[in-house]
Amino acid sequence: MYKLLKPLIFNIDPEQAHGMTINALKFIQKHNKLLSAVKSCFDYQQDTLQQQIAGVTFNNPIGLAAGFDKSCEVPKVLEMAGFGALELGGITPKPQPGNPKPRMYRLIDDQAIINRMGFNNIGMNKALSNLRKYAYHVPIGINIGVNKTTPYEERYQDYLKVMETFKYDATFFTVNISSPNTANLQNFHDKDEFAMLCNTLTYFQASQNITQPIFIKLTSDISTTELSQILPTIVDTFDGIILANTTQRRESLTSNNQNETGGLSGKPLFERNLELIKWTYQHTNGDFPIIGTGGIFTADDVIRMMRNGASLVQIYSSLIFEGPTLTKKMNKALASYLQQNNYHNIQELVGLDA
Ligand SMILES: Cc1cc2nc3c(=O)[nH]c(=O)nc-3n(C[C@H](O)[C@H](O)[C@H](O)COP(=O)(O)O)c2cc1C
């Protein structure tokens, strides 16, 4: 079905196509019969895919990456679509429109996307009331960003504000310091700025009794030297690490849109992020949860990410190119891979090649 629709969808501006998809999903979400139909088409359950990471039960390792549902508009229908977790957002304290359009591009030949959305979202309070319209069985992650207008020295407070707002509703939080589309956000990767952020977070977490796991999401453009400087603080402060967000590098691309400003996601990210995952797994002795993201298109990609150290993965760009049946396809293929190779649980794959 998606193969038939794809040429039509790809004729429409990518952000407009995304808006139409969200509207269609909103419609489905309002009708219980349609929600059940989505579940029977796209959901796939298998005990061998279930694992506990950072105290949270994930029914399968394929999560939805941040950026698809930036304002918590369609989490119920996404739950039915078979993801093992949903990361919603990035959410900022205040609503903001994001960067001027156009700001999202398909790189069809490279199976990649460039975006410079700039944390467009309806703000934490309205996003929270959207989320509260339903109850969920799937882990709900809240990806936190920073408002463009927040003064530089006060930006760490934006993370705290969103956490406080969602503290009764999120299953986990992701501190996103890696969007390239908010000026200087990536400065938080600097050792000293990072230490200050982490001190504040740790104090806040204790004083506000935030009990959910908190993950940190880094840029794909971090070098292993830079990563080694902040890794001990990451392990002390966070419950897991998401590797990695988009890249500003442009290497070996062929599509017309390759010179657009923004973060590049999709296929070209895969090998780079795999290296970061393997390195991090090795330097944390396999003891610290890693969530892999970037260019995961097939069950084989999931298996490679997991064998190199990721416990879970997240996808976004591949959904644009392959359509919504991807989670079911991947989960089915993972379950049969486990069975064929006599593994009892998906967790047994983690780090085998690292
Ligand atoms: C249009 C778009 C918007 C995104 N917005 C966010 C965001 O708000 N927060 C975030 O942490 N990552 C965001 N991302 C990055 C994705 O979550 C993901 O980490 C990245 O795209 C790599 O995965 P992929 O290759 O499967 O897309 C966005 C990606 C795209 C394509």
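Each reported figure results from applying straightforward, stated rules to the coordinates on display, with no laboratory input. Computed from a prediction, not measured in an experiment: that's the story for all the values here. Positions of Cβ are backbone-derived with ideal geometry, glycine not excepted, and every protein chain shown enters the neighbour counts.
Assorted remarks:
- Under a model in which nothing but the beta-carbon of Lys, Arg (+1) and Asp, Glu (-1) is charged, the stretch 2-349 shows a dipole of about 1220 debye around its Cα centre.
- Remark: the stretch 10-17, residue by residue, has Karplus-estimated 3J(HN,Hα) of 6, 7, 9, 3, x, 5, 5, 4 Hz, where x stands for each Gly or Pro and the curve is 6.51 cos²θ - 1.76 cosθ + 1.60 at θ = phi - 60°.
- Taken over the stretch 1-82, the percentage of Cα pairs per 5 Å bin, counting from 0 up to the bin with the maximum distance, is 3, 12, 18, 21, 22, 14, 7, 3, 1.
- Per DSSP, loop chymotrypsin sites (Phe, Trp or Tyr not before Pro) in the stretch 1-38 with at most 15 further Cβ within 10 Å: F10
- Out of every Cα-Cα pair that the stretch 2-349 contains, those further apart than 31 angstrom amount to 27 percent.
- In this structure the amide hydrogen of S71, modeled in the peptide plane, comes within under 5 Å of the amide hydrogens of G89, none closer than 5 places in sequence on its chain.
- Taking label points 7 Å from Cα along the Cα-to-Cβ direction, Q340 and L34 give a separation of 3.7 nm.
- Subtracting the Cα-Cα distance of N125 and E154 from their residue separation scaled by 0.36 nm leaves 8.5 nm.
- The helix-based estimate of mean residue ellipticity at 222 nm for the chain, built from -39,500 (n - 2.57) per DSSP H run of four or more residues and divided by its residue count, is -11500 deg cm²/dmol to the nearest 500.
- Alpha-carbon centroids, the stretch 136-177 and the stretch 255-331: separation in whole Å: 23
- Computed over the stretch 232-279, the convex hull of the alpha-carbon atoms projects to a mean area of 4.3 nm².
- When each of K70/K133; K6/K70; K267/K332; K3/K217; K33/K328 is checked by Cα-Cα distance, pairs over 25 Å: K3/K217
- Extending 7 Å from Cα along the Cβ direction at E348 and again at T224 yields two label points whose distance is 2.9 nm.
- Each peptide among 306-319, 138-151 gets the average number of other Cβ atoms lying within 10 Å of its residues, and from highest to lowest they stand as 306-319, 138-151.
- At an R0 of 35 angstrom, the distance between the Cβ atoms of N259 and D300 translates into a FRET efficiency of 0.70.
- N23-K167 FRET efficiency (beta carbon distance; Förster radius 45 Å; 0.05 resolution): 0.90
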